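Novice: Dumping the structure here so I can ask a few things about it.
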Amino acid sequence: MKISTKVRYGIRAMIEIGKENSGKGVFQKDISINQQISLKYLDQIIYGLKVAGLIINVKGKKSGYLISRPANEITMYDIHNAFEPNISVVECINGNYNCKLDKYCSAKNFWHGLNFLIINYFQSFTLQQMIENNVSKIA
């Protein structure tokens, strides 16, 4: 399993936006500079976060972005799901995969257990914790 660049950059962008407390919003160019993400790629990240309802535009000309709800209500799993539909450590536990060994697989429970741990880990961290831990330069 590999965490996509969109998820990683999405987390970094959300930390940057979540730090904003003046109500003016964070400009995309500032996120790009501070997080060293190209503006072109950041467009895709911002779009995904907006569609997922995690960020909103501040009203007005040349507006910035704010998080849509309190940072303690947004988990890393929410951000992950803005870009990836689910977490699957192996293909065979994905609901869309048809495995011939499904009924007889001795390892299936192991993979489900690992998957459960990873999902719980993503759900256990809030954006607020990430902001407080000042990990915005890591990813």
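No value in this document is a laboratory result; all are computed from the given coordinates. Keep in mind it's a predicted model, so treat the numbers as computed, not measured. Heads up, the Cβs are rebuilt from the backbone with ideal geometry, glycines too, and the neighbour counts pull from every protein chain shown.
Novice: List the aspartates and glutamates whose Cα sits under 18 Å from the Cα of LYS108, skipping any in the same chain fewer than 8 residues away.
Specialist: Hits, sequence-local ones excluded: GLU91.
Novice: Here is a follow-up. Tell me, rounded to the nearest percent, the portion of alpha carbon pairs in the chain spaced more than 28 Å apart.
Specialist: Numbers: 2482 of 9591 pairs.
Counting every Cα pair in the chain, those more than 28 Å apart make up 26 percent.
Novice: Taking neighbour Cβ counts within 10 Å as the exposure measure, how do TYR97, TYR77, TYR9, TYR104 sort from fewest upward? Don't jump to the answer; show the numbers that get you there.
Specialist: Values: TYR97 11, TYR77 18, TYR9 22, TYR104 8.
Starting with the residue having the fewest Cβ neighbours, the order is TYR104, TYR97, TYR77, TYR9.
Novice: Could I ask something else about it? Would you mind computing Rg(Cα) / (2.2 N^0.38 Å) for region 1-83, counting N as its residues?
Specialist: Rg over 2.2 N^0.38 Å, computed on Cα atoms: 1.00.
Novice: Given the pairs LYS2/LYS24; LYS2/LYS59; LYS40/LYS100; LYS50/LYS100; LYS2/LYS100, which span a C-alpha to C-alpha distance of over 31 angstrom in this model?
Specialist: Among LYS2/LYS24; LYS2/LYS59; LYS40/LYS100; LYS50/LYS100; LYS2/LYS100, the Cα-Cα distance tops 31 Å for LYS2/LYS24; LYS2/LYS59; LYS40/LYS100; LYS50/LYS100.
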